[in-house]
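Taking it in order: structure first as structure tokens, then the write-up.
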Amino acid sequence: TIFCPWELRGKVMRTLITEKTEDRIELVEGIKFIFQNGWTLILPDSHMPLFRIYSEGTTKKIASELSQKYINKVKEIINF
């Protein structure tokens, strides 16, 4: 999980969605980035000011790297 003020959640979602990427994106429950070797789901919590970030990869290391990549992106967007 990563803290995100309520007023910045829309900005984070819009920025991540519009970011140029070659990866496939699904917008069903949150934002799901699908890669050749795994995926990451960024899910805004409906009751708390935070995002939950879930990742799965072909290895634990890849899953961990994907999670950290998007934690860093969210931090960058909110200037945290």
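Give the cross-link partners of K60 among the lysines, using a straight C-alpha distance below 23 Å as the criterion and excluding same-chain residues fewer than 8 apart.
The reachable lysines, counting only those whose Cα sits under 23 Å from K60, are K32, K69, K73, K75.
Determine Rg/Rh for the chain; Rg is computed over alpha-carbon atoms and Rh is the Kirkwood hydrodynamic estimate from the same atoms.
Reported Rg/Rh, Kirkwood definition of Rh: 0.94.
So what is the 222 nm mean residue ellipticity for the chain from helices alone, if each DSSP H run of at least 4 adds -39500 (n - 2.57) and you divide by all residues, rounding to the nearest 500 deg cm²/dmol?
-12000 deg cm²/dmol
Could you please state how large a percent of the accessible area of the chain is carbon and sulfur, counting protein chains only and using a 1.4 Å probe?
53
Measuring with a 1.4 Å probe in the full set of protein chains, what accessible area per residue, in whole Å², belongs to region 28-80?
Using a 1.4 Å probe on heavy atoms only, each residue of region 28-80 averages 62 Å².
Can you give the angle from 0 to 90° between the axis of helix 9-18 and the longest principal axis of the chain, with both taken from C-alpha atoms, to the nearest 10?
Tilt relative to the chain: about 40 degrees.
Any chance you could give the angle, 0 to 90 degrees and rounded to 10, that helix 60-78 forms with the longest Cα principal axis of the chain?
It is inclined by approximately 30 degrees.
The values are calculated or read from the model by the stated rules, or taken from the named source; none is laboratory data. Since the structure is predicted, the reported quantities are computational estimates derived from the model, not experimental observations. These area figures cover heavy atoms from the full protein model, side chains too; ligands, DNA and RNA do not enter into them. Shrake-Rupley method; radii C 1.70, N 1.55, O 1.52, S 1.80 Å.
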